[in-house]
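The values are calculated or read from the model by the stated rules, or taken from the named source; none is laboratory data. Since the model is a prediction, treat every value here as computed from it, not as a measurement. Quick reminder, even Gly has a Cβ in these numbers, built from the backbone with ideal geometry, and neighbours come from all protein chains shown. Quick note on the areas: whole protein, heavy atoms, side chains included, nothing else; ligands and nucleic acids left out. Shrake-Rupley method; radii C 1.70, N 1.55, O 1.52, S 1.80 Å.
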Amino acid sequence: MKKVVVGAAILDGDGRLLAAQRAEPPELAGGWELPGGKVDPGEDDHTALVRECLEELGVVVAAGTQVGGDWPLTGDYVLRVWLARIIEGEPEAKEHLELRWLTADELFDVAWLPADLPIVRAVQGHLGGI
Ligand code: CDP
C-alpha cells in the first residue's frame, strides 16, 4: 500500500490560492506548501483532508476536483491534492509560519517546496473556479 499525504489547493471567491509556509522540520522550514498531511491508518483521503485543514488552519473545507493523480514525494509517500473551498472559519497559521493568499500573478512569488511546485502549475489552470 502506498503511503498517502493529502493536500488542499484552497481557492477563495476571487481566484486566489492559499499558500502555507512550513515551520518544520528544519530542512523544509521556510518552504511553502499546500496545507495537508499524512492520512492516518484506516482513515479515508477525504476525512484526512478535512481533518488536516481543521488542525493546521482552523477551517472547515469542502473538497472539489482532484488535481492530477499521485504526485511523487520522497520515500514511499505520494501526495494527492484536491481543489477546496473554505465553508467555515478564517484561516490561521496554527502550525505554519505564515499564510498567504496568492493571486494568479503572485502564484510563483513564494518558494514552493519541490514536490508542490508542479502541482501549483496544475492548479494554475483552475484558478477560475472549482
Ligand atoms: O502533519 P503530518 O505529519 O501528517 O504531515 P506533514 O509533515 O505535513 O507532511 C508529510 C511530508 O509530506 C512532509 O514532510 C513533506 O515532505 C511532504 N509534503 C509536501 O511535500 N507538500 C505538502 N503540501 C504536504 C506535505
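May I ask you to list the residues in region 71-89 that are over 14 Å from LEU17 (Cα atoms) and open to solvent by 30 Å² or more (accessible area, probe 1.4 Å)?
Passing the criteria: TRP71, PRO72, LEU73, THR74, GLY75, ASP76, TYR77, ARG80, ILE87, GLU88, GLY89.
Would you pick out the residues in region 84-97 that are over 13 Å from the mean Cα position of the chain (by Cα), in a strand (DSSP E or B) and either of a type in the set (Ser, Thr, Tyr) or away from the ligand (no atom under 15 Å from the Cβ) (or both)?
ILE87, GLU88
Take VAL120 and tell me if it is open to solvent by less than 60 Å² (accessible area, probe 1.4 Å) and in a strand (DSSP E or B). Write out each step before concluding.
Values: open to solvent by less than 60 Å² (accessible area, probe 1.4 Å): yes; in a strand (DSSP E or B): no.
No; evaluated as a whole, the condition is false for this residue.
Determine which single condition GLY68 fails, assuming it passes every other condition in (1) open to solvent by 40 Å² or more (accessible area, probe 1.4 Å); (2) not in a strand (DSSP E or B).
With respect to (1) open to solvent by 40 Å² or more (accessible area, probe 1.4 Å); (2) not in a strand (DSSP E or B), GLY68 is out only on (2).
Does ARG51 satisfy the condition of being open to solvent by 40 Å² or more (accessible area, probe 1.4 Å) and under 14 Å from VAL6 (Cβ atoms)? It would help to see each step written out before you state the result.
Numbers: open to solvent by 40 Å² or more (accessible area, probe 1.4 Å): yes; under 14 Å from VAL6 (Cβ atoms): yes.
The answer is yes for ARG51.
List every residue pair whose Cβ atoms lie under 6 Å apart, where the two residues are 6 or more positions apart in sequence or sit on different chains, the first residue falls within region 94-116 and is under 27 Å from ASP76 (Cα atoms) and in contact (Cβ under 8 Å) with a residue 40 or more places away in the chain, and the second residue, located anywhere, is among the β-branched types (Val, Ile, Thr) and not in a loop (DSSP other than H, G, I, E, B).
TRP112/VAL120
Search region 1-21 for residues being farther than 23 Å from ALA104 by Cβ and touching a residue at least 24 places away in the same chain (Cβ under 8 Å), and hand back the single one that is surrounded by the most Cβ atoms within 10 Å (Cβ to Cβ). If you could, list the steps in order and put the result at the bottom.
Taking region 1-21 first, the residues farther than 23 Å from ALA104 by Cβ are 1-6.
Adding the requirement that they be touching a residue at least 24 places away in the same chain (Cβ under 8 Å) leaves 2-6.
Working: LYS2: 9, LYS3: 12, VAL4: 18, VAL5: 21, VAL6: 27.
Filtering first and then ranking leaves VAL6.
Looking at this structure, is VAL110 within 13 Å of the ligand (Cβ to nearest atom), of a type in the set (Val, Ile, Thr) and either in a strand (DSSP E or B) or surrounded by fewer than 16 Cβ atoms within 10 Å (Cβ to Cβ) (or both)?
When the stated conditions are applied, VAL110 does not pass them.
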